[in-house]
Amino acid sequence: MKIAIMGAMREEIEPILNTLGEYTSEEYAGNVFYRAEYAGHELVIAYSKIGKVFSAITASIMLERYGAKALLFSGVAGGISKDLKIGDLIMASALCQHDVDITAFGHPDGFIPESSVMIQSDDDLRSLASEIAVDMGIDLYEGIIATGDQFVASSERKSWIEKTFHADALEMEGASVACACHSFGVPFFVLRAISDTADGSADIDFDVFLQSSAQVSAKFILEMVKRLGD
Ligand code: 4EH
């Protein structure tokens, strides 16, 4: 199967490229798309650059131009749930955009007409991930991931996102990738390892844990690729 693997930052896909070792690359629309064969699958891999706009563009290209039939996102996130410690893995059950606000017209936070507040990720990919977690003896959390064009480093903003969306983690690309995949009818999966807890010390923790957490997520994603059928 043709599978897209994407991250937002170079650090999020580097562990994957390092594991593959051999790949080709091609520049298109401001990104580099790496191609490789792995475990009998054709992979296209890219990092989008940060935020909802760039990530939606990259995801769309992976589906339209490269014909990916499934998309796996790998990266890091700020933890909201008290259960989530730095380095822990969370897969998104559903994703929302915490910075969408047309409440002036009576709509709920995060709602866009003709869309929905939450976009669900693919059931089969989540089941597969749960099986792998059991086999590998890894704690894999499942929950709501809130996305917005903000690096959240404040307890107030974090609490508001938790209260409003019941979100367990937050980041800056998942929901936009979900929108792109949902629009094209392509199954997707968003996995994030916690790099910080989105409060006062988020920037410091992020710099310390970006690489190690990105590695945790990338390793799991490659395990998923190995276990995906045709
Ligand atoms: O791609 C962006 C990166 C931070 S911005 C979203 N990623 C990391 C997930 C993330 C996150 N998002 C929002 C981890 N912790 C987060 C948080 N809030 N607390 C960035 C980081 N370094 C350099 C440039 N930009």
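The values are calculated or read from the model by the stated rules, or taken from the named source; none is laboratory data. These figures come from a predicted structure and were not determined experimentally. Note: ideal-geometry Cβ built from the backbone for every residue, glycine included; neighbour counts use all protein chains shown. Accessible surface is based on the protein model in full, side chains and every heavy atom, while ligands, DNA and RNA are left aside. Shrake-Rupley method; radii C 1.70, N 1.55, O 1.52, S 1.80 Å.
Key figures for this structure:
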read-out	value
Whichever residue in segment 171-216 is among the β-branched types (Val, Ile, Thr) and in a strand (DSSP E or B) and, among such residues, is farthest from the ligand (Cβ to nearest atom)	VAL190
Number of positions in segment 9-38 that are open to solvent by less than 60 Å² (accessible area, probe 1.4 Å), over 27 Å from HIS98 (Cβ atoms) and at pLDDT 95 or above	9
Unique residue being under 19 Å from GLY7 (Cα atoms), out of contact with any Phe, Trp or Tyr (no Cβ under 6 Å at 6 or more places or on another chain) and either modelled with pLDDT of 95 or more or open to solvent by 20 Å² or more (accessible area, probe 1.4 Å) (or both) when the list is VAL208, VAL190, VAL177	VAL208
Close pairs from segment 192-204: first over 19 Å from SER93 (Cα atoms), partner modelled with pLDDT under 95 and near the ligand (Cβ under 8 Å from one of its atoms), Cβ under 9 Å, at least 6 apart	none
Subset of segment 83-128 (residues that are open to solvent by 50 Å² or more (accessible area, probe 1.4 Å), in a helix (DSSP H, G or I) and within 17 Å of VAL177 (Cα to Cα))	ASP123
Options ILE132, ILE161; residue that is more than 22 Å from ILE5 (Cβ to Cβ), open to solvent by less than 40 Å² (accessible area, probe 1.4 Å) and in contact (Cβ under 8 Å) with a residue 60 or more places away in the chain	ILE161
